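K.L.:
Got a structure here, written out as structure tokens. Questions coming.
The values are calculated or read from the model by the stated rules, or taken from the named source; none is laboratory data. Just so we're clear, the structure is a prediction, and the values are computed from it rather than from any experiment. Here the Cβ is made from the backbone with ideal geometry for all residues, glycine too, and neighbour counts use every protein chain on show. Areas reflect the complete protein model, heavy atoms only, side chains present, ligands, DNA and RNA absent. Shrake-Rupley method; radii C 1.70, N 1.55, O 1.52, S 1.80 Å.
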Amino acid sequence: MKSYDVVLIPGDGIGPEVADAAREVLDAAGINIRWQVFDAGIRAQEKGKETLPPELLEVVRETGAALKGPLTTPVGSGFTSVNVRLRRELGLYANLRPVKTLPGTRSLYPDVDLVVVRENTEGLYIAEETWEDNNTVSAVKRVTREASARIARFALEYARQHGRQSITTVHKANILKESDGLFLTTARDAAADYPEITFKDRIVDALCMDLVLDPGTHDLLLCPNLYGDILSDLAAGLVGGLGTVPGANLGEGCAVFEAVHGSAPDIAGRGIANPTALILAGAMLLRYLGEEEAAARVEKAVHAVYATGEISTPDQGGSATTDQFSRALIRFFDENHF
């Protein structure tokens, strides 16, 4: 059996709990993964290390893949976002978040099937902020033609390979005519090479309304950094919350798969966190490794367990613990001889 070296970053708060659950499920899916565990964020800091240890970056570059639990980012003060730094250091320019309704969840809509593609390296997230005086801060928003074209082609290739019929570029080019205008025109130019995919564009505030009224209005969203961050959380709200939505950060020869929710310190250690997001991120990891059948097994198990209506964590209206949910998935493997 082929084996894989994969970095596991448990994360902060509920991270270690959902990471343990995800690791158990992926191991039970029949793939030989040699996990290399590294701390980052607050857990690394508490051990006297940097919040993003250089040795962690080195091993992720070597293995080419990592599964990451949530990492805490202090609000308004403290260390800078480890998530943003991780993407920047590893050149993970594309953030991919598929948002789908799962049966038996608190989804507001029965059949959401939306993909959010987010540019991961530019925009306001470069975090170049300057105090002009005691009362004024300025922030730089950087948009380049190169990065805009790169993410546009990533999104268009994804749409082509996964049978997506249309792509909507999200912007505020009516106001930010130069920066968002560059992102929009670059995407439109790239789309000319994909005539089979319908190209649309939508102002970000109008798009938010579209998603609430009818998520089926759009198929794949191509977003600048900040808009993509906001819209992917909005989309997750349509399907019952962040506990069920996975994500991937992709670059050239390297990828980090993650739960897109936060570290939820208020419930850490109680054993009630929903591990679905990280488990489905694990399925994305398996597909990235070329293990399509194993990825499908994990996804089928998640759908089947939710469909019974018998096992779900408190965020989805149930009373199951993190461990009970993951054990139900593993039982599904056993009962169906996976």
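K.L.:
Here's a check for you: in region 249-271, which residue that is among the aliphatic types (A, V, I, L, M) and surrounded by fewer than 21 Cβ atoms within 10 Å (Cβ to Cβ) is farthest from PRO110 (Cα to Cα)? Step through it out loud before you land on a result.
P.N.:
Of all residues in region 249-271, those among the aliphatic types (A, V, I, L, M) come to 250, 255-256, 259-260, 264, 267-268.
Within this subset, residues satisfying the condition of being surrounded by fewer than 21 Cβ atoms within 10 Å (Cβ to Cβ) are 267-268.
Working: ILE267: 28, ALA268: 30 Å.
Among them, the one singled out is ALA268.
K.L.:
Could you name every one of the helices (runs of 4 or more DSSP H) located completely within region 1-74 that has at least 3 residues being under 19 Å from the mean Cα position of the chain (by Cα) and under 18 Å from TYR288 (Cα atoms)?
P.N.:
On the way: elements: 15-28, 41-46, 54-63.
It comes to 15-28.
K.L.:
Something else about it: Among the listed residues HIS261, HIS303, identify the single one that is within 23 Å of ASP229 (Cα to Cα) and not basic (Lys, Arg). It would help to see each step written out before you state the result.
P.N.:
On the way: HIS303 fails: within 23 Å of ASP229 (Cα to Cα).
Checking each option against the conditions leaves just HIS261.
K.L.:
For region 288-309, which residues satisfy the criterion of being touching a Gly at 6+ places or on another chain (Cβ under 8 Å) and charged (D, E, K, R)? Give the steps one after another, and end with the answer.
P.N.:
Here is the first cut: in region 288-309, the ones touching a Gly at 6+ places or on another chain (Cβ under 8 Å) are 294, 297-298, 306-309.
Within region 288-309, ARG297 is the sole residue that qualifies.
K.L.:
I've got another one for you. Please work out which residue is nearest to ALA149 (Cα to Cα), limiting yourself to region 171-223 and to residues that are assigned to a helix (DSSP H, G or I), open to solvent by 30 Å² or more (accessible area, probe 1.4 Å) and among the acidic types (Asp, Glu).
P.N.:
Kept after step one, since they are assigned to a helix (DSSP H, G or I), are these residues of region 171-223: 179-191, 204-213, 215-217.
Imposing the further condition that a residue be open to solvent by 30 Å² or more (accessible area, probe 1.4 Å) reduces the set to 182, 185, 188-189, 205, 208-209, 212-213, 216-217.
Then drop every residue that is not among the acidic types (Asp, Glu), which leaves 189, 205.
Details: ASP189: 8, ASP205: 23 Å.
Within region 171-223, the match that is nearest to ALA149 (Cα to Cα) is ASP189.
K.L.:
Something else now. For region 53-63, does any single residue satisfy the condition of being charged (D, E, K, R), under 16 Å from GLY282 (Cβ atoms) and either open to solvent by 10 Å² or more (accessible area, probe 1.4 Å) or at pLDDT below 95 (or both)? Walk me through how you get there before you give the answer.
P.N.:
Keep residues of region 53-63 that are charged (D, E, K, R), which gives 55, 58, 61-62.
Restricting the remaining residues to those that are under 16 Å from GLY282 (Cβ atoms) gives none.
Among the residues of region 53-63, not one is charged (D, E, K, R), under 16 Å from GLY282 (Cβ atoms) and either open to solvent by 10 Å² or more (accessible area, probe 1.4 Å) or at pLDDT below 95 (or both), which makes the answer no.
Conditions tested, residue by residue: (1) part of a helix (DSSP H, G or I); (2) within 23 Å of ALA147 (Cβ to Cβ).
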| residue | (1), (2) |
| --- | --- |
| LEU234 | yes, no |
| GLY237 | yes, no |
| GLY253 | no, yes |
| GLU258 | no, yes |
| HIS261 | no, no |
| ALA264 | no, no |
| ILE267 | no, no |
| ILE272 | no, no |
| ALA277 | yes, no |
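K.L.:
Here's a follow-up. For residues in region 91-111 being of a type in the set (A, V, I, L, M, F, W, C) and in contact with a strand residue (DSSP E or B) (Cβ under 6 Å, 6 or more places away or on another chain), which is nearest to PHE154 (Cα to Cα)? Step through it out loud before you land on a result.
P.N.:
Of the residues in region 91-111, the ones of a type in the set (A, V, I, L, M, F, W, C) are 92, 94, 96, 99, 102, 108.
Now narrow it down to the ones that are in contact with a strand residue (DSSP E or B) (Cβ under 6 Å, 6 or more places away or on another chain): 92, 94, 96, 99.
On the way: LEU92: 12, ALA94: 8, LEU96: 10, VAL99: 18 Å.
The selected residue is ALA94.
K.L.:
Give me the pairs, please: first residue somewhere in region 86-110 and farther than 11 Å from ALA255 by Cβ and part of a strand (DSSP E or B), second residue anywhere and open to solvent by 50 Å² or more (accessible area, probe 1.4 Å) and at pLDDT 95 or above, beta-carbon distance under 6 Å, and either six or more positions apart or on two chains.
P.N.:
So the pair list comes out as LYS100/ASP113.
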